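Presented below is the structure to which this report refers.
Nothing in this text is a laboratory measurement; each read-out follows from the coordinates by a stated rule. Note that this is a predicted model, so its numbers are computed, not measured. Here the Cβ is made from the backbone with ideal geometry for all residues, glycine too, and neighbour counts use every protein chain on show.
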Amino acid sequence: MIHLAVNIDHVATVRNARGGSHPNPIHAARLAIEAGAVGIVCHLREDRRHIQDADVYALRKELDTKFDLEMAAEEEIIRIAEDVKPELVTIVPEKRAELTTDGGLNIVIDPSRYRELVQRMHALGIEVSFFIEPDSKQIETARNIGADIIEFHTGTYAESTGVKAEEALNHLIIGGSIAHELGLKVTAGHGLNYHNIPPIKAIPGLVEVSIGHALISRALFTGIPQAVKDMLGLLR
Ligand code: PXP
């Protein structure tokens with residue numbers, strides 16, 4: 001069975017629309033865990049457009065669960081991660097103008113920067129995942145710099161149809177076999193939803209998916225527990 005980690009960023013998006021404290025992302029996280037999610041993910045962006053610093057600290061303090069902090073490799077956010085000590089940090093690219101994370105991080109261009117980040121996190125017992133394209137050079141670099149996990153960007157697959165979607169899925173499958181042979185744990189995320197998730201199960205060694213927007217959108221109509229259970233049913 002592939003595990004499900006629930007990204008709660010967009011609960012914070014709705015909350016921030018009115019500037020108050022509802023809906024509370026911590027409450028959403030608790031419901032997701034009770035319904036069977038293995039962990040909670042949030043992305044503390046440099047522009048703080050959804051998750052705020054206080055959310056990250058509250059998640060750490062109030063939830064006894066696997067906490068994955070998504071973040072750019074920027075010093076300000078790295079220091080927050082060192083202070084909060086989530087179980088896992090997922091390193092993503094970040095551009096201010098993007099609506100959401102736009103493609104995987106290119107770790108091949110500056111591996112020593114990322115190796116140093118891995119060492120800083122490992123010194124505190126924090127695992128490190130890199131959000132990358134399923135490309136052999138990216139995967140090998142992740143292994144060489146000491147990554148514990150790689151998360152494949154599934155946006156290209158999720159945004160394509162027909163032959164293009166099949167090609168994108170094929171890249172993910174080939175990437176999965178390379179990673180598996182190198183002994184890396186593989187997870188996947190971005191744009192995954194209730195329709196496009198079943199073929200993803202063909203990725204060799206895939207242990208977990210990270211899903212936010214589709215799940216929180218469905219939860220508006222069904223509630224979070226049902227939205228989580230429906231996704232778990234598709235991951236079995
Ligand atoms: N994984 C990573 C690394 C992401 O940046 C995101 C988006 O924040 C997700 C997973 C979840 O994507 P979605 O909200 O499209 O499910």
The alpha-carbon center of the range 115-159 and that of the range 171-236 are separated, in whole Å, by 17 Å
Give me Rg over Rh for the range 13-136, both radii from the alpha carbons and Rh done the Kirkwood way, two decimal places.
0.97
Evaluate the range 130-202: find the radius of gyration of its Cα atoms, find its Kirkwood radius, and give the ratio Rg to Rh.
0.97
Looking at the chain as a GNM with Cα springs under 10 Å, which of V89, V118, V14 has the largest mean-square fluctuation?
V14
Within the set G183, G125, G162, GNM on the chain using Cα springs under 10 Å gives the largest fluctuation to G162
Quick check: from the Cα gyration tensor, does the range 15-87 come out rounded (a/c under 1.5), prolate or oblate?
oblate
Grab the beta carbon distance between N16 and N193, set R0 = 22 Å, and tell me the FRET efficiency rounded to 0.05.
0.40
Residue-ordered couplings for the range 56-71, obtained by feeding phi - 60° into the Karplus form 6.51 cos²θ - 1.76 cosθ + 1.60 and rounding to whole Hz (Gly and Pro as x), are 5, 5, 5, 4, 4, 6, 9, 10, 9, 8, 5, 10, 10, 9, 7, 7
Using a Förster radius of 22 Å, what is the FRET efficiency between H213 and T161 based on their Cβ-Cβ separation? Nearest 0.05, please.
0.75
Under a 5 Å amide H to amide H cut-off, with H placed in plane at 1.01 Å, what residues pair with K66 once short-range neighbours are removed?
I40
Over the alpha-carbon set of the chain, divide Rg by the Kirkwood Rh and report the Rg/Rh ratio to two decimals.
0.94
Identify all lysines with a Cα-Cα distance to K137 below 19 Å; exclude those on the same chain that are fewer than 8 residues away in sequence.
K185
